[in-house]
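Peer 1: Quick one: structure below, then a few questions.
Every read-out reported here was derived from the displayed coordinates using simple, explicitly stated rules and does not represent laboratory data. All values reported here derive from a predicted model rather than from experimental measurement. No Cβ is skipped: glycine too gets one built from the backbone with ideal geometry, and neighbour counts run over all protein chains shown.
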Amino acid sequence: TDKAKTHDEL
Amino acid sequence: MNVFRLAGDMTHLLSVVVLLLKIHTIKSCAGISLKTQELYAVVFAARYLDLFVHFVSLYNTVMKLVFLASSFSIVWYMKRHKIVRRTYDKDHDTFRHYVLVLPCLLLALLINEKFTFREVMWAFSIYLEAVAIFPQLVLLQRTRNIDNLTGQYVFFLGAYRVLYILNWIYRYFTEPHFVHWISWVAGIVQTLLYADFFYYYIMSWKNNVKLELPA
């Protein structure tokens, strides 16, 4: 899903 | 958010905040490489372009602002502050860091998750962060003195990287299709760069002798 692709880490 | 990642972010935060506070308090940046600090400012600027367009969480946004503010403040102190700038060891901090920037930019153009401006800049920031510590390690080798300010700084940075690797292992096993080869390979390379420093840092701490890096 898009969520997994986005960079959610700093 | 797992405990490794939170601990990693906290040690990363600690490394920059401790450095900024110490420079602000003792009004000296002796032993700190300005080149590394400039590279880190570029890393954060290139990585956090989506700061206002892509909201992940309050924590994420606040931390990005703190990292940007602290890294640019450190560069400002070392370049502009009338007292601190005089303590900057520019004769020894001569690593030509554009030698690092260009290859990272080219690599980002070749290897990225998506060929868009933001993704290329994100990949560039990942590659650049992997090598950003280089000028600092070269400066340490040259001046051979590692006061506790610098030692702590590099130590916390290394700890943040190790914790992030643990975070990726944790996420790999707990989240389906959590695969980020770019961060993983660059992150491992970066952590290896710290490995030898870690070895000498822990050895000196254990034998309670002044930290000396081999020539």
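Peer 1: Looking at the stretch B:83-185, I'd like the Rg to Rh ratio, where Rg is from alpha-carbon atoms and Rh is Kirkwood's inverse mean 1/r. Spell out each step's value before the answer.
Peer 2: Numbers: Rg = 17.0 Å, Rh = 16.0 Å.
Here Rg/Rh amounts to 1.06.
Peer 1: Suppose the chain between B:Ala45 and B:Leu166 were pulled fully straight at 0.36 nm per residue; how much longer would it get relative to their current alpha carbon spacing? Write out the running numbers ahead of the final one.
Peer 2: Working: separation 121, 0.36 × 121 = 43.56 nm, distance 2.54 nm.
Contour length minus the Cα-Cα distance gives 41.0 nm.
Peer 1: Over 28 Å between Cα atoms: which of B:Lys35/B:Lys206; B:Lys22/B:Lys82; B:Lys64/B:Lys114; B:Lys90/B:Lys206; B:Lys22/B:Lys210; B:Lys22/B:Lys114 fall into that group?
Peer 2: Working: B:Lys35/B:Lys206 30 Å; B:Lys22/B:Lys82 16 Å; B:Lys64/B:Lys114 22 Å; B:Lys90/B:Lys206 32 Å; B:Lys22/B:Lys210 20 Å; B:Lys22/B:Lys114 40 Å.
Listed pairs above 28 Å: B:Lys35/B:Lys206; B:Lys90/B:Lys206; B:Lys22/B:Lys114.
Peer 1: Right, here's the next one. For chain B, modelled as a Gaussian network with Cα springs under 10 Å, which listed residue fluctuates most, B:Leu140, B:Leu58, B:Leu34?
Peer 2: Judging by the Gaussian network model, the answer is B:Leu58.
Peer 1: Roughly how many nanometres apart are two label points built 7 Å out from the Cα toward the Cβ at B:Leu65 and B:Arg142?
Peer 2: Modelled inter-label distance: 3.7 nm.
Peer 1: Sticking with this one: Rounded if a/c is under 1.5, else prolate if a/b beats b/c, else oblate: with a ≥ b ≥ c from the C-alpha gyration tensor eigenvalues square-rooted, which is the protein assembly as shown? If you can, show how the numbers build up before the last one.
Peer 2: Working: a/c = 1.70, a/b = 1.47, b/c = 1.16.
Prolate, since a/c reaches 1.5 and a/b exceeds b/c.
Peer 1: Let me ask something additional. GNM, chain B, Cα, under 10 Å: largest mean-square fluctuation among B:Ala123, B:Ala132, B:Ala195?
Peer 2: Per the Cα network of chain B with a 10 Å cutoff, B:Ala195 tops the list.
Peer 1: Only counting other Cβ atoms within 10 Å, I'd like B:Val101, B:Val84 sorted with the fewest neighbours first.
Peer 2: B:Val101, B:Val84
Peer 1: Which of B:Ser33, B:Ser57, B:Ser71 moves most in a GNM of chain B, Cα contacts under 10 Å?
Peer 2: Checking each option, the largest mean-square fluctuation is seen for B:Ser57.
Peer 1: Which of the trypsin sites (Lys or Arg not before Pro) across the stretch B:70-112 are loop residues per DSSP, with 16 or fewer other Cβ within 10 Å?
Peer 2: Numbers: sites: B:Lys79, B:Arg80, B:Lys82, B:Arg85, B:Arg86, B:Lys90, B:Arg96; in loops: B:Lys82, B:Lys90, B:Arg96.
Passing sites in the stretch B:70-112 are B:Lys82, B:Lys90, B:Arg96.
Peer 1: Test of understanding: ordering B:Tyr48, B:Tyr40, B:Tyr201 by Cβ neighbours within 10 Å, fewest first, what list do you get?
Peer 2: On the way: B:Tyr48 22, B:Tyr40 25, B:Tyr201 19.
Ordered by Cβ neighbours within 10 Å, fewest first: B:Tyr201, B:Tyr48, B:Tyr40.
Peer 1: Would you mind computing, in nm to one decimal, how far apart the modelled labels at B:Thr116 and B:Met10 are, each placed 7 Å from Cα along Cα→Cβ?
Peer 2: With each label point 7 Å from Cα toward Cβ, the separation is 3.4 nm.
Peer 1: Using DSSP to call loops (not H, G, I, E or B), can you name the chymotrypsin sites (Phe, Trp or Tyr not before Pro) in the stretch B:95-200 whose Cβ has at most 14 other Cβ atoms within 10 angstrom? Spell out each step's value before the answer.
Peer 2: Working: sites: B:Phe95, B:Tyr98, B:Phe115, B:Phe117, B:Trp122, B:Phe124, B:Tyr127, B:Tyr153, B:Phe155, B:Phe156, B:Tyr160, B:Tyr164, B:Trp168, B:Tyr170, B:Tyr172, B:Phe173, B:Phe178, B:Trp181, B:Trp184, B:Tyr194, B:Phe197, B:Phe198, B:Tyr199, B:Tyr200; in loops: B:Phe95, B:Phe115, B:Phe178.
Sites meeting the loop and neighbour criteria: B:Phe115, B:Phe178.
Peer 1: Quick one: order B:His24, B:His177 by neighbouring beta-carbon count within 10 Å, fewest to most.
Peer 2: Ranking B:His24, B:His177 by Cβ neighbours within 10 Å, fewest first, gives B:His177, B:His24.
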